[in-house]
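Just so you know, all these numbers are worked out from the coordinates, no wet-lab data involved. Predicted model, so just to flag it, every value in this text is computed and none were measured. Heads up, the Cβs are rebuilt from the backbone with ideal geometry, glycines too, and the neighbour counts pull from every protein chain shown.
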Amino acid sequence: MAEMFRDAARGYWRHNRPQLHNEGAPDNQTPFSTILGLTGLEIETSESMAVLATLAAEEVEIAARYAVSELNGFPSWFATLFEHHPQVVADFLFVQIRYEAFSLPKDRTGDDILSDVSWTGQWAWSRLGPMLLSLLVSGEPQSAKALGSILKILKGSSVADGQLAAMARSHALDPTSANPGHWFASWIGVDADAAIAAFEERLSSLNKKKPLTWQCELPSECSAIDSMNLGSLGKASSSLCRWPRFMRSSIGIFAALKTSPAATQVPTALICGTMRRRRGTRSWRDCGTRAARRLS
């Protein structure tokens with residue numbers, strides 16, 4: 001009986017085509033047919049990964065459909081499938097990422113595939129990088145979360161720093177951008193001198209009479225930032241929690257640049273994008289020092 005089930009599952013996955021979200025598949029549901037196909041692929045690849053190298057292009061796409069339907073990240077065989085068929089898998093992933101980042105309604109997140117690629121799909125970053133760069137050059141994702149994931153992939157890909165800087169600069173200086181903090185942070189990571197100058201100019205142009213507000217993530221953040229002298233960025237005359245929202249993702253970087261002794265030892269191209277505020281840190285100054293030591 002067990003052998004009959006094994007043979008049936010191994011033969012089934014090739015004859016089923018899992019439906020994807022961009023084709024109307026419902027959220028948070030995995031049909032039994034997809035589960036059975038995943039089981040068959042797992043059985044077949046556990047016996048021999050070499051079978052993946054022999055798949056035709058159509059079978060590769062079907063296997064990729066199963067892979068992105070897995071509930072907990074990608075299955076163990078997906079990286080090997082990409083190794084044997086990089087362009088087919090990359091094209092497939094790009095279509096799904098483009099849909100999740102640019103076509104989903106704003107009230108739906110649905111960025112499961114993009115999230116999985118950004119967290120566990122490093123093996124595909126270099127192939128996806130140039131494709132995602134062209135995508136961002138022409139527009140900005142609706143979701144800040146999706147934008148952050150794509151920028152993470154780009155930073156770890158084979159895309160040249162100059163290309164990334166040019167793209168980030170164009171969006172950072174665009175007054176209509178919904179996520180200037182993300183763009184400035186990405187720009188600083190690859191062209192710190194020019195980006196910092198532009199960021200300071202952006203700050204100086206703000207209307208201080210009608211400041212935008214944002215809520216601190218931790219009760220101690222306002223006082224921690226407020227007590228710091230940020231040099232040419234200016235010393236806060238009142239709580240920095242009244243500073244514009246776009247500074248939320250960038251203020252820690254500048255606090256480190258202006259106040260952390262260890263930051264002077266860090267290559268400027270590495271400061272941004274790798275340093276984030278963490279809940280266990282006492283202050284932004286401490287965060288910057290620790291991040292700088294870790295990078296140096």
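Annotations for the structure displayed:
- 13 Å beta-carbon shell around residue 44, net charge (K/R +1, D/E -1): -1
- Charge tally in the Cβ shell below 13 Å around residue 30, where Lys, Arg are +1 and Asp, Glu are -1, residue 30 excluded: -2
- Net charge contributed by nearby residues that have their C-beta within less than 13 Å of residue 194 (K/R +1, D/E -1): -3
- Residues residue 193 and residue 27, FRET efficiency given R0 of 45 Å [Cβ-Cβ distance, rounded to 0.05]: 0.50
- In this structure, residue 174 and residue 204 have a Cβ-Cβ separation that, at R0 = 25 Å, corresponds to a calculated FRET efficiency of about 0.90.
- With a Förster radius of 30 Å applied to the C-beta separation of residue 8 and residue 119, the computed FRET efficiency comes to 0.35.
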